[in-house]
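Below you'll find the structure, written out as structure tokens, and then a few comments.
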Amino acid sequence: MPDVLRQDIAAAASTIVVKVGTRVLTGADGRLNETRIQALAEELHEVMASGRRVVLVSSGAVGAGMGQLGLGERPKDLAKLQAVAAVGQCYLVQTYDRALKSFGRHAAQVLLTADDVDDRLRYLNVRNTLTALLELGAIPIINENDTVSVEELQTTFGDNDRLAAMVTNLIRAPLLVLLSDVEGLYDGDPRVPGAQLVNTVLKVDDSVYALVRDQKTGLSKGGMASKLNAARMCTISGENVIITSGREPGALRRIMAGETVGTLFVAQGQALNSWKRWIGFTAQPRGQLVLDAGARQAVEKQGRSLLAIGVQNVQGDFQKGEVISLCDTSGAEFARGLTNYAAADILRIKGLRTEAIATALGHCPYEEVIHRDNMIVTVSG
């Protein structure tokens, strides 16, 4: 049945980022399932036919490469994994392009690394390219560049969930859909009878992460943890996220109809501007500051700038103008920002009142260590 909130979200979603995981695209043998890609292409076409723009973040290069090379199991050697991914990426995009062309659409391959979005200029170049592709009516097919990036291949569940969240923030898409091999977030282990699907999450906080955390080890389990991180990144920035199964055709169709599909993570507050999105969720921090409780309260709850008096400790060798993390005394990050001072200077002025900075450094170029306009809270309020 249609849901009013979901109908409103679908109606407002002029641009949609869809992420599809390897387990959705491959069969039991780990090889690419072309029938499933054809079905996905049809749904993407329908979304675009409704006047919306679509970006697809797709895994599956290794599975495609295994099929092309006749491999019965996933290679364990990193260099071979990268080689298989290189072969598979060609075939993966060809398969998407062939499927989309049957509906008069075009696929555009975009391979990214973390450095491409970490650097501000390259970040803007990526955004401009994606915008141009969307204006031309093409569907960008984005994947991590596995031939040069090792982190993605060395982990069991990869990082394309995070990549999809970054892309969503990059182009300010109102909706991210994560097509998974499970229906959504459950209130317990979905393999155990009695576990219930959580239909709506209003805030991605500790209670939500606890649903996918092992009670004995305290460690998050499975791919859902990375999807929750992606949902947190997007909802804090003002976007909605839906996690649902991509195994059965029709998920996107039902989402666009406003039906209750999977788990909806509701956007929090107003959408952030592109500058703060880059600071908070794309650029990699070069160091961190440990703040006292009063400074955390001022930054996180009152929206104030960070002053030197609230800094207790400095970690890392960063320079003026770089992104750094703001942490509490336990080491947990709660915000990020662009620092007005290098690490060496902050070590000299930490704990001092603003009027004492000139005495410590010989001058006082900035009253704030980080100005509130260059800072974003990265935890759910």
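The values are calculated or read from the model by the stated rules, or taken from the named source; none is laboratory data. On a predicted model such as this, the values are computed, not experimentally measured, just so you know. As a convention, Cβ positions derive from the backbone with ideal geometry for all residues, glycine included, and neighbour counts pool all protein chains shown.
Consider Val314 carefully, then state whether it is without any contact (Cβ under 8 Å) to a residue 60 or more places away in the chain, under 18 Å from Met375 (Cα atoms), in contact with a helix residue (DSSP H, G or I) (Cβ under 6 Å, 6 or more places away or on another chain) and part of a strand (DSSP E or B).
Values: without any contact (Cβ under 8 Å) to a residue 60 or more places away in the chain: yes; under 18 Å from Met375 (Cα atoms): yes; in contact with a helix residue (DSSP H, G or I) (Cβ under 6 Å, 6 or more places away or on another chain): yes; part of a strand (DSSP E or B): yes.
Judged against the criteria, Val314 is a match.
Return the pair list, or none, for Cβ contacts closer than 9 Å from residues in region 349-367 that are on the phi > 0 side of the Ramachandran plot to residues that are in a helix (DSSP H, G or I), at least 6 apart or on different chains.
What qualifies is Gly351/Ala308; Gly351/Ile309; Gly351/Gly310.
Could you identify the single residue in Gly321, Gly294, Gly310 that is of a type outside the set (Val, Ile, Thr) and either modelled with pLDDT under 95 or within 25 Å of the chain's Cα centre (by Cα) (or both)?
On the way: Gly294 fails: either modelled with pLDDT under 95 or within 25 Å of the chain's Cα centre (by Cα) (or both); Gly310 fails: either modelled with pLDDT under 95 or within 25 Å of the chain's Cα centre (by Cα) (or both).
One residue alone meets the criteria, Gly321.
How about region 317-331: which of its residues are assigned to a loop (DSSP other than H, G, I, E, B) and touching a residue at least 40 places away in the same chain (Cβ under 8 Å)?
Restricting attention to region 317-331, the residues satisfying the condition of being assigned to a loop (DSSP other than H, G, I, E, B) are 317-322, 328-331.
If the condition is that a residue be assigned to a loop (DSSP other than H, G, I, E, B) and touching a residue at least 40 places away in the same chain (Cβ under 8 Å), then Gly331 is the only one that fits.
Please go through region 97-128 and give me each residue that is buried (at least 19 other Cβ atoms within 10 Å of the Cβ), in contact with a helix residue (DSSP H, G or I) (Cβ under 6 Å, 6 or more places away or on another chain) and under 21 Å from Leu40 (Cβ atoms), ordered by number.
Ala99, Leu100, Arg105, Ala107, Ala108
Which residue pairs have Cβ atoms closer than 7 Å, lie 6 or more positions apart in sequence or on different chains, and pair a first residue in region 110-125 that is closer than 15 Å to Arg162 by Cα with a second residue that is outside any helix (DSSP H, G or I) and among the hydrophobic types (A, V, I, L, M, F, W, C)?
From region 110-125, the pairs are Leu112/Ile142; Thr113/Val148; Asp118/Ala283.
Looking at (1) under 18 Å from Ile37 (Cα atoms); (2) touching a residue at least 12 places away in the same chain (Cβ under 8 Å), which one does Ala86 not meet, given that it meets all the others?
Single failed check for Ala86: (1).
So, Leu228, is that one without any contact (Cβ under 8 Å) to a residue 60 or more places away in the chain, among the hydrophobic types (A, V, I, L, M, F, W, C) and assigned by TED's automatic domain parsing to the domain that holds Glu34 or not?
Numbers: without any contact (Cβ under 8 Å) to a residue 60 or more places away in the chain: yes; among the hydrophobic types (A, V, I, L, M, F, W, C): yes; assigned by TED's automatic domain parsing to the domain that holds Glu34: yes.
Taking the combined requirement at face value, the residue satisfies it.
Pick from region 162-198 the residues that are part of a loop (DSSP other than H, G, I, E, B), in contact (Cβ under 8 Å) with a residue 40 or more places away in the chain and among the aliphatic types (A, V, I, L, M): which of them is farthest from Val241 (Cα to Cα)? I'd like the intermediate steps shown before the answer.
So the first thing to find is which residues in region 162-198 are part of a loop (DSSP other than H, G, I, E, B), and the list is 172-174, 181-185, 187-196, 198.
Pick out the ones that are also in contact (Cβ under 8 Å) with a residue 40 or more places away in the chain and you get 172-174, 181-185, 198.
When the remaining residues are screened for being among the aliphatic types (A, V, I, L, M), the result is 173, 182, 185, 198.
Values: Ala173: 10, Val182: 15, Leu185: 12, Val198: 13 Å.
Ranking the candidates gives Val182 first.
Which ones in region 219-249 are farther than 14 Å from Asp181 by Cα and assigned to a loop (DSSP other than H, G, I, E, B)?
Answer for region 219-249, where residues must be farther than 14 Å from Asp181 by Cα and assigned to a loop (DSSP other than H, G, I, E, B): Leu219, Lys221, Gly238, Glu239.
Taking the criterion of being modelled with pLDDT under 85 and outside any helix (DSSP H, G or I), would at least one residue in region 106-128 satisfy it? So that I can check it myself, show each step before the final result.
First, pick out the residues of region 106-128 that are modelled with pLDDT under 85: 113-119.
Adding the requirement that they be outside any helix (DSSP H, G or I) leaves 113, 119.
Within region 106-128 (the criterion being modelled with pLDDT under 85 and outside any helix (DSSP H, G or I)), the answer is yes, since at least one residue qualifies.
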